[in-house]
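What follows draws every value from the coordinates through simple rules; no lab data is involved. Remember, predicted model here, so these are calculated numbers, not experimental data. So basically every Cβ, Gly included, is an ideal-geometry build from the backbone, and we count neighbours across all protein chains shown.
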Amino acid sequence: GQNIDQPTEMTATEGAIVQINCTYQTSGFNGLFWYQQHAGEAPTFLSYNVLDGLEEKGRFSSFLSRSKGYSYLLLKELQMKDSASYLCAVRDRSGNTGKLIFGQGTTLQVKP
Amino acid sequence: ETGVTQTPRHLVMGMTNKKSLKCEQHLGHNAMYWYKQSAKKPLELMFVYSLEERVENNSVPSRFSPECPNSSHLFLHLHTLQPEDSALYLCASSQISGSGANVLTFGAGSRLTVL
């Protein structure tokens, strides 16, 4: 079956580093996405990985290992505004029209 | 207006009512989506329209009826809903092309409560 797993909740301290893990089992794979969603707002795109390795974008980095069905989102120099839900999603087949399968999201709370 | 806008932001309806959710995208994208977001559950894809043609219908009950009159507008018509249909309904759009990531841009959602 199709399955995306990520922790439900995480807590971290302002200024610290936090890593949010995501493991997936899907019938196909054509890319992994991370979205950020603040309460009551639209999910916004953070990163996209289709090849193995690390993609860095400012304070945020995302890593992918296709052989292990594993990704993580790394947030550095945490700020209070980073408190949000982080959604991991996998495109399930080749070509860019495949549907996105989402995990249930990880709610991150950043404390002073 | 920029991005993807959804109206209404909040809707309360009885089980016998008929209502519609509206989505408009200002990004020139060629695909639009409806997702359902329930508490503690993953986002569930409901419908996909590509170039105004429905290309995916994820076994959604017939009490939900989508309509895509043009590439910028998407509706979700609701009738005889059940309390378990209460959720956040998210609209998204994307540009499907021969290459590229096909990144979805989401609206802020319509919070639906069925009494």
Original post:
How many residues does the range B:32-70 contain that are over 17 Å from residue B:112 (Cβ atoms) and β-branched (Val, Ile, Thr)?
Top reply: 2
**OP:** List the number of the failed condition for residue B:86; all other conditions in (1) surrounded by fewer than 16 Cβ atoms within 10 Å (Cβ to Cβ); (2) away from every other protein chain (no Cβ under 11 Å) hold.
**Re:** (1)
**OP:** Hey, can you tell me all the residues within the range A:58-110 that are more than 19 Å from residue A:45 (Cβ to Cβ), part of a strand (DSSP E or B) and not hydrophobic (A, V, I, L, M, F, W, C)?
**Re:** A:65, A:70, A:109
Original post:
Among the residues of the range A:47-81 satisfying the criterion of being under 28 Å from residue B:9 (Cα atoms) and free of Cβ contacts under 8 Å to residues at least 40 places away in the same chain, which is surrounded by the most Cβ atoms within 10 Å (Cβ to Cβ)?
Top reply: A:47
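Which ones in the range B:73-83 are surrounded by fewer than 19 Cβ atoms within 10 Å (Cβ to Cβ) and either acidic (Asp, Glu) or touching a strand residue (DSSP E or B) at 6+ places or on another chain (Cβ under 7 Å) (or both)?
First, pick out the residues of the range B:73-83 that are surrounded by fewer than 19 Cβ atoms within 10 Å (Cβ to Cβ): B:73, B:75, B:77, B:79-80, B:82-83.
Listed by number, the residues that qualify are B:73, B:75, B:77, B:79, B:82, B:83.
Determine whether residue B:102 is farther than 22 Å from residue B:12 by Cα and surrounded by fewer than 17 Cβ atoms within 10 Å (Cβ to Cβ). Break it down into steps so the answer makes sense when it comes.
Details: farther than 22 Å from residue B:12 by Cα: yes; surrounded by fewer than 17 Cβ atoms within 10 Å (Cβ to Cβ): no.
No, not satisfied.
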Original post:
Would you pick out the residues in the range A:27-61 that are within 13 Å of chain B (Cβ to nearest Cβ), among the acidic types (Asp, Glu) and within 15 Å of the chain's Cα centre (by Cα)?
Top reply: A:55
Subject >> Of residues in the range A:62-99 being of a type in the set (A, V, I, L, M) and over 20 Å from residue A:9 (Cβ atoms), the one nearest to the other protein chains (Cβ to nearest Cβ) >> reply: A:90
**OP:** Those residues that are exposed (fewer than 15 other Cβ atoms within 10 Å of the Cβ), within 13 Å of another protein chain (Cβ to nearest Cβ) and small (Gly, Ala, Ser), I need them from the range B:42-71; list them, please.
**Re:** B:59
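Taking the range B:19-41, which residues are within 14 Å of chain A (Cβ to nearest Cβ) and on the phi > 0 side of the Ramachandran plot?
Of the residues in the range B:19-41, the ones within 14 Å of chain A (Cβ to nearest Cβ) are B:23-27, B:29-41.
B:40 - this is the single residue of the range B:19-41 that is within 14 Å of chain A (Cβ to nearest Cβ) and on the phi > 0 side of the Ramachandran plot.
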Original post:
Looking at the range A:1-38, which of its residues are surrounded by 16 or more Cβ atoms within 10 Å (Cβ to Cβ) and assigned to a loop (DSSP other than H, G, I, E, B)?
Top reply: A:6, A:26, A:29, A:30, A:31
